[in-house]
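Q: Okay, handing you the structure first.
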Amino acid sequence: MTVLAEYGNVFLIMACMFGLFMAWGVGANDVANAMGTSVGSKALTIKQAILIAMVFEFLGAYLAGGEVTSTIRKGIIDPGLFDDTPELLVYGMLSALLAAGSWLLIASIMGWPVSTTHSIVGAIVGFAAAGISVDAVAWGKVLKIVASWVVSPVLAGTISFFLFRSVQKLILDTDNPFANAKRYIPVYMFAVGFLIAMVTILKGLKHVFKDSGFKLSFIESIGIAAIIGVGVAAFGVYLLSKVKYQEDENNRFASVEKVFAILMVFTACAMAFAHGSNDVANAVGPLAAVVNVIQSGAVAAKSTMPSWILLLGGAGIVLGLATYGFKVIATVGKKITELTPSRGFAAELGAAGTVVLASGTGLPISTTHTLVGAILGVGLARGIGALNLRVIGTIAMSWVITLPAGAGLAIAFFFLFKNIFG
């Protein structure tokens with residue numbers, strides 16, 4: 001009797017538990033940093049952010065989380081290596097889920113915004129290199145991921161820096177900021193609608209029509225996103241007409257920030273949907289691989305994604321944010337630099353722009369690194385003194401540790417499972 005036949009149901013239960021644990025980590029860490037800007041700028045309360053994320057992260061994960069997912073995350077290892085020993089892939093994916101989930105738990109307790117993608121990638125690299133062969137790992141892919149630690153925050157930071165400088169020049173540093181806000185904010189609203197639609201189309205909805213043969217080209221995606229952008233801008237003009245100028249002796253920008261706060265509610269909803277659709281794969285990809293191997297007894301390069309797995313992933317993400325997301329929200333939203341709705345908007349739009357750019361060029365980037373870089377850019381637009389350099393140093397250290405931490409834990413769990421079941 002083979003190991004898979006003997007322990008199949010045990011592996012299935014373990015995979016579901018570890019997959020849920022990993023999804024909880026995605027919610028507690030990754031979703032929290034996506035919501036951090038909205039909460040830190042006081043555009044949303046923590047309760048409102050959790051409510052929005054619960055609805056839109058779940059919808060993104062469940063509706064657009066992927067009809068088919070690659071079982072071997074991002075092509076880091078060759079599935080052909082497991083043809084004769086499919087149980088090793090099961091041990092590996094179980095250890096990767098448990099290792100990445102454990103690291104995300106530690107990072108969330110510490111309030112560190114780390115990359116869930118890099119956590120799972122580090123874990124898969126670890127078990128493959130130590131448990132199978134060093135040559136089993138596509139090291140070129142790993143080097144690209146390491147390069148993205150620098151590329152994505154710098155790119156997002158640069159975009160956000162110039163975005164906020166434009167807000168300062170066109171609106172905040174003028175004689176009549178409120179009148180200029182009404183004039184220029186619809187343009188920014190178009191940019192938000194356009195970029196968030198592009199993120200959702202490119203990163204989120206690409207799997208929905210995969211089997212139907214229906215495929216949007218990059219140009220068609222731009223056209224649809226532009227129409228959505230115009231709709232958002234028109235809705236923005238309507239909302240702007242409702243905001244009346246109120247004198248505030250303590251803050252001459254109070255009425256202007258109210259307008260940006262309205263804008264940030266929309267960006268929070270759309271970013272949550274795009275994030276859920278994209279990053280749920282970190283939790284459910286390895287889970288789908290285990291389920292596929294147990295059901296078929298063999299390793300396939302691709303595996304069907306049953307809807308119940310996406311449901312499990314979506315539920316875990318919501319649970320993670322609701323129970324422990326507040327720690328990372330506090331770090332991203334309050335501790336890096338002081339955020340207002342106008343600054344938070346520049347950071348979110350800069351991050352969204354970077355994700356779109358990366359999608360078009362195929363650059364592997366992390367949502368976390370992108371958003372933190374964007375917040376740094378906004379802070380720098382106000383001068384280096386606006387940044388908390390100690391917090392930034394701690395975050396940078398946690399990023400560097402993520403890949404080896406995921407790898408080390410996965411190696412330990414891999415050999416533990418191999419000894420118990422092998």
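Q: Across region 197-233, what is the number of residues that are closer than 17 Å to HIS275 by Cβ and at pLDDT below 75?
A: So the answer is 9.
Q: Right, here's the next one. Could you please give the count of residues in region 310-336 that are hydroxyl-bearing (Ser, Thr, Tyr) and over 14 Å from ASN33 (Cβ atoms)?
A: 1
Q: While we're looking at this one, here's another question. Would you point out which residue out of ALA374, ALA396, ALA405 is at pLDDT 85 or above, surrounded by fewer than 17 Cβ atoms within 10 Å (Cβ to Cβ) and of a type outside the set (Ser, Thr, Tyr)?
A: ALA396
Q: Let me ask something else about it. How many residues does region 103-156 contain that are of a type in the set (Ser, Thr, Tyr), surrounded by 19 or more Cβ atoms within 10 Å (Cβ to Cβ) and assigned to a loop (DSSP other than H, G, I, E, B)?
A: Number satisfying all stated conditions: 1.
Residues are listed down the side, and each one gets a yes or a no for (1) within 18 Å of the chain's Cα centre (by Cα); (2) closer than 25 Å to LYS141 by Cβ:
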| residue | (1), (2) |
| --- | --- |
| PHE253 | no, no |
| MET264 | yes, no |
| ALA270 | yes, no |
| ALA288 | no, yes |
| VAL299 | no, yes |
| ALA351 | yes, yes |
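Q: Residues to consider are LEU380, LEU409, LEU387, LEU403; find the one that is in contact (Cβ under 8 Å) with a residue 12 or more places away in the chain and closer than 17 Å to VAL146 by Cα.
A: That would be LEU403, the only listed residue that is in contact (Cβ under 8 Å) with a residue 12 or more places away in the chain and closer than 17 Å to VAL146 by Cα.
Q: Please count how many residues of region 39-55 are among the hydroxyl-bearing types (Ser, Thr, Tyr) and buried (at least 24 other Cβ atoms within 10 Å of the Cβ).
A: Result for region 39-55: 1.
Q: Take the residues of region 160-200 that are assigned to a helix (DSSP H, G or I) and of a type in the set (Ser, Thr, Tyr): which is nearest to the chain's Cα centre (by Cα)?
A: The extreme case among them is THR200.
Q: In addition: Out of region 231-272, which residues are within 22 Å of MET198 (Cα to Cα), β-branched (Val, Ile, Thr) and surrounded by 14 or more Cβ atoms within 10 Å (Cβ to Cβ)?
A: Scanning region 231-272 gives VAL232, ILE262, VAL265, THR267.
Q: If I filter region 382-393 down to residues being in contact with a Ser or Thr (Cβ under 8 Å, 6 or more places away or on another chain) and not β-branched (Val, Ile, Thr), which single residue comes out as surrounded by the most Cβ atoms within 10 Å (Cβ to Cβ)?
A: Looking at the filtered set, the residue picked out is LEU387.
Q: Give the residue, chosen from GLY353, GLY320, GLY325, GLY333, that is in contact (Cβ under 8 Å) with a residue 12 or more places away in the chain and touching a Phe, Trp or Tyr at 6+ places or on another chain (Cβ under 8 Å).
A: Being in contact (Cβ under 8 Å) with a residue 12 or more places away in the chain and touching a Phe, Trp or Tyr at 6+ places or on another chain (Cβ under 8 Å) holds for just one of GLY353, GLY320, GLY325, GLY333, which is GLY320.
Q: Using beta carbons and a limit of 8 Å, which pairs, at least six apart or on different chains, have the first residue in region 116-134 and more than 16 Å from VAL90 (Cα to Cα) and the second one part of a helix (DSSP H, G or I) and among the acidic types (Asp, Glu)?
A: Short answer, once both residue conditions are applied: THR116/ASP30; THR116/ASP279; THR117/ASP279.
Q: For LEU339, only one of the following conditions fails: (1) buried (at least 18 other Cβ atoms within 10 Å of the Cβ); (2) in a helix (DSSP H, G or I). What is its number?
A: Of the numbered conditions (1) buried (at least 18 other Cβ atoms within 10 Å of the Cβ); (2) in a helix (DSSP H, G or I), the odd one out for LEU339 is (2).
The values are calculated or read from the model by the stated rules, or taken from the named source; none is laboratory data. Since the structure is predicted, the reported quantities are computational estimates derived from the model, not experimental observations. Quick reminder, even Gly has a Cβ in these numbers, built from the backbone with ideal geometry, and neighbours come from all protein chains shown.
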